[in-house]
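Below is one structure, written out as structure tokens; comments come after it.
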Amino acid sequence: MFQQNHKQLQFSELTINNHQTWQGESNSIAFDTINIKNKLMNLDHPCFIVRNNGEIGVTNQGKVAYTSNGKNSYLELLITAPKISLNQLGDANFLETYQVKYAYKTGAMAQGIASEEMVIALGKQNILSSFGAGSLSLSRIETAIHRIQKSLHHQPYAFNLLYNPSEPIMERRLTELYLQHQIRIIEASAFLDITDNLVYYRAAGLSLNSAHKIEIKNRIIAKISRREVAIKFLQPAPTKTLKHLVQQGLITELQASLAEKIPLADDITVEADSGGHTDNRPLVCLLPSILELRDEIQGKYNYEKPVRIGVAGGISTPQSALAAFMLGAAYVVTGSINQACIEAGTSEHTKQLLSQAEITDMMMAPAADMFEMGVKLQVLKRGTLFPIRAQKLLELYKKYNSIHEIPTTEKEKLEKQIFRKPIAEIWQETTQYLTQRNPEKLAKANNNPKVQMALIFRWYLGLSSRWSNNGEPGREMDYQIWCGPAIGSFNNWVKNSYLAHPENRQVVDIADQIMKGAAYLYRIHNLKIQGLKLPEEYYQYQPKCQ
């Protein structure tokens, strides 16, 4: 019998194979809760479930035997589980293509939240990470390029290319910067359509090798949440766009020809209910749909290597990672949970708020970059009034055609409660900014009061995220913090561990914990399917200090 704190393992007799026995040292078998858990977690070795005198135990030693020679202990072998390596989860081609150790990457959180420190820390451990270039100046991005390339020579890293319909010239300049510095992997985010810049980046890295096979130097990982957008990345680049780029002298005829034979993207990240820009789609519905679409298009074009489909949005625990892999994901991407890590480009106050968030502490708010289009993003609502104040700005924008139409009392509230600055002063700052960055936009605003109003409102929407990242004193209630329910799920998982405190959260450690936990849970479910009945505590993986 077990001691009082032990729980008996049980087994479904219908699944027993009476022809197998286990040969080994009987003292290697664990029958108590702690040692059973340790042996189940010993993933580098196979797991044998044996029965001795009616008691079920677990061992990592010994071997399967079919007959007894009387020299060693032979016990009834119920089931086995093979050893499992963390790189067995996901698609092996993902590991080979990017020379990484896990089918795991971290997403590009804009404004440098996915910082140089984060990309370098993960890259040094051969884990792919994308620098959050969105909304940063070209000089700031170039500084990041130099630092990351200096730290990571042949190790993996990526940079973000964020869809920028309001400033297409900035998207082109960033594309040229990436080509200039030979950035070989970009994460294309929030694109609603294919732009010339994406095609330019992709085609400019194509050539034929000595075996006359297409060599792809510039790889695109596209983040999508809609089938109609996924189709465009799954197909080759549009012929019309390729011809236009050839006419401009940006790519060669050969590169255009090669681009018509490969998909625009190497990988597509299916973005479910995530932080920032999101359609709040359920992963269990969205991923199978995109996988089916990928297979349909692969059947049409017969690419040498099919486009890999990964997932983002809600990936924050071993359970969610394993669920994604079991649904067919080639890789998983984390985002929200990394913002509370020490390497993230966020303030300490923001990290504390994120570490206390629950699953329900999020809401949708207007996006600064696509404000006029009515696009929203998911943000934290706990500890900040930003989403409510941002929604108020959107309501005013929809109701009035100019700042001057807004009633005086409403304008006074804006200046005192939200902007905390005269509207005239805000417009002066906006004018100075656009004079240098986008004079065409300024000219349009001077002739269109509705555009001018949008730009004034975008002043607040744009700065609020920077206040959060920089820890702007006195602006805490205006912090715009992009995150999804994943952060709440993560906090629940780690609440009784060292990771409950943000000062202990490191991106590499979290990656290791999630992947190891997913592999452990895979083993547990493998044993369960074979008939082993385990107490509930065995179905949990708690983070452990490395």
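The values are calculated or read from the model by the stated rules, or taken from the named source; none is laboratory data. Remember, predicted model here, so these are calculated numbers, not experimental data. All Cβ positions, glycine included, derive from the backbone under ideal geometry; neighbour counts span all protein chains shown. The accessibility values were calculated without ligands, DNA or RNA, using every heavy atom of the protein model including side chains. Shrake-Rupley method; radii C 1.70, N 1.55, O 1.52, S 1.80 Å.
For the stretch 237-307, a Kirkwood hydrodynamic radius built from all Cα pairs, placed in the Stokes-Einstein relation at 25 °C and 0.890 mPa s, yields a translational diffusion coefficient of 170 µm²/s. Enclosing the Cα atoms of the stretch 259-415 in their convex hull gives a volume equal to 178 cubic angstrom per residue.
Shape descriptor for the stretch 453-546: Rg over Rh equals 1.20 (Cα atoms; Rh from the Kirkwood inverse mean 1/r). Of the listed pairs Lys39/Lys305; Lys150/Lys217; Lys392/Lys450; Lys232/Lys392; Lys63/Lys305; Lys351/Lys450, which have alpha-carbon separations greater than 28 Å here? The pairs that break the limit, which is 28 Å between Cα atoms, are Lys39/Lys305; Lys232/Lys392; Lys63/Lys305; Lys351/Lys450. Once you reduce the stretch 149-188 and the stretch 321-373 to the center of their Cα atoms, the two points are 22 Å from each other.
Probing with 1.4 Å while keeping every protein chain in the model, the per residue accessible area of the chain equals 44 Å². Here the stretch 155-204 is treated as a sphere whose radius is the Kirkwood value from Cα pairs; by Stokes-Einstein at 25 °C and 0.890 mPa s it diffuses with a coefficient of 222 µm²/s. Angle of helix 138-151 to the longest C-alpha principal axis of the chain, folded into 0 to 90 degrees and rounded to 10: 30°. Any idea what angle helix 423-437 forms with the longest principal axis of the chain, computed on alpha-carbon atoms, 0 to 90 degrees, nearest 10? Relative to the chain, helix 423-437 is tipped by roughly 80 degrees. Relative to the dominant Cα principal axis of the chain, helix 386-399 is inclined by about 40°.
Which FRET efficiency, nearest 0.05, do Tyr303 and Phe31 yield, Cβ-Cβ r, R0 41 Å? The pair Tyr303/Phe31 has a calculated efficiency of 0.20.
Ligands, DNA and RNA excluded, the heavy atoms of Thr241 present near 20 Å² of accessible surface to a 1.4 Å solvent probe. More than 34 angstrom separation, counting every C-alpha pair in the chain; what % is that? Result for the distance tail: 46 percent.
For the stretch 61-193, the Stokes-Einstein estimate of translational diffusion at 37 °C and a viscosity of 0.692 mPa s comes to 187 µm²/s, using the Kirkwood hydrodynamic radius over alpha-carbon pairs.
A convex hull fitted around the alpha carbon atoms of the stretch 162-274 yields 105 Å³ per residue.
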